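Coordinate-derived values only; no laboratory data. Since this is a predicted model, take the numbers as computed values, not measurements. So basically every Cβ, Gly included, is an ideal-geometry build from the backbone, and we count neighbours across all protein chains shown.
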Amino acid sequence: GAVVSQHPSWVICKSGTSVKIECRSLDFQATTMFWYRQFPKQSLMLMATSNEGSKATYEQGVEKDKFLINHASLTLSTLTVTSAHPEDSSFYICSARIPIGSGETQYFGPGTRLLVL
Amino acid sequence: DAKTTQPTSMDCAEGRAANLPCNHSTISGNEYVYWYRQIHSQGPQYIIHGLKNNETNEMASLIITEDRKSSTLILPHATLRDTAVYYCIVTSGTYKYIFGTGTRLKVLA
């Protein structure tokens, strides 16, 4: 099946630094990718929709200047957490949209665990 | 808010069928029902999806009621590795997923 990878799988950084997370579709092209965030014992929350060659669409309450998304190619989307703070510590998961059967679906990456000290 | 409601948790004996219900009473005509599961500390895994007909694949079966207001995911022979949080999602053409709280399935030896 379709494979989506994320890099890094985990990262620890100091407060105030920026962190970039990569999401790649390994065996297919994805014009649309999605970024989610998951806090401990909670469900996934959609942060933004990333479209190749255009600006990302952010969900209500998500700061676009803090969470920079770039989707420069059909196989790569990046999420940069700028000036990270401890409250940004979370599990970040991307997904890629792909046609399947009578519709479309999303395949998810393995996630990136971010810890901001 | 999620358009679905699911029981918070369920237990199932290993080797038995696990039947996970999902209520989506406000579903509209062009919306699909998707099922995913998330094993601890991993990204969600696609299981199955359907519009109005029942569906089956190598992982599970999806039964959608005739009025489409509810559905059931069936894992025919649950194993310990099926222990996970199962999410039922309803979505239309934008394919944006709004995750609810899901059902925590525990398969017991």
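Side notes on the structure shown:
- Cysteines not pairable in chain A (beta carbon separation under 4.7 Å absent): A:Cys13
- Cys residues of chain B counted as unpaired, since no other Cys beta-carbon is under 4.7 Å: B:Cys12
- Over chain B, the hull volume per residue, using the convex hull of the C-alpha atoms, is 94 Å³.
- Mean partner shielding of peptide A:37-43, defined as the number of other chain Cβ atoms within 10 Å of each residue Cβ, is 2.
- Inter-centroid distance (Cα atoms) of the range B:1-21 relative to the range A:91-117, Å: 22
- Ranked list, fewest to most other Cβ atoms within 10 Å of each Cβ, for A:Trp10, A:Trp35: A:Trp10, A:Trp35
- Dimensionless Rg over Rh [the protein assembly as shown; C-alpha; Kirkwood]: 0.97
- Neighbour counting of Cβ atoms within 10 Å sorts the residues A:Ile12, A:Ile93, A:Ile100, fewest neighbours leading, into A:Ile12, A:Ile100, A:Ile93.
- Counts of other chain beta carbons within 10 angstrom of each beta carbon in peptide B:37-45 average 5.
- Low-density loop positions, GluC sites (Glu not before Pro), the range B:1-91 - DSSP coil, at most 15 other Cβ in 10 Å: B:Glu14, B:Glu58, B:Glu66
- Net charge dipole, chain A: roughly 200 debye, given to the nearest 20, about the Cα centre with Cβ charges of +1 for Lys and Arg and -1 for Asp and Glu.
- With 27 Å as the limit on Cα-Cα distance, the pairs of A:Lys20/B:Lys3; A:Lys41/B:Lys52; A:Lys64/B:Lys69; A:Lys66/B:Lys96; A:Lys41/B:Lys96 that go past it are A:Lys20/B:Lys3; A:Lys41/B:Lys52; A:Lys64/B:Lys69.
- Residues whose amide H falls under 5 Å from that of B:Ala78, counting only those 5 or more places apart or on a different chain, are B:Gly15, B:Arg16, B:Ala17, B:Ala18, with hydrogens built in the peptide plane.
- Note on A:Ser9/A:Ser73: beta-carbon distance plugged into 1/(1 + (r/R0)^6) with R0 of 22 Å gives a FRET efficiency of 0.55.
- Inter-part distance where the range A:1-56 and the range B:32-82 are each reduced to a Cα centre, Å: 24
- Modelled label reach - A:Asp27, point 7 Å along Cα→Cβ, the range A:79-112 residues with backbone N closer than 20 Å: A:94-111
- Across all C-alpha atoms in chain A, the radius of gyration and Dmax reach 13.6, 46 Å.
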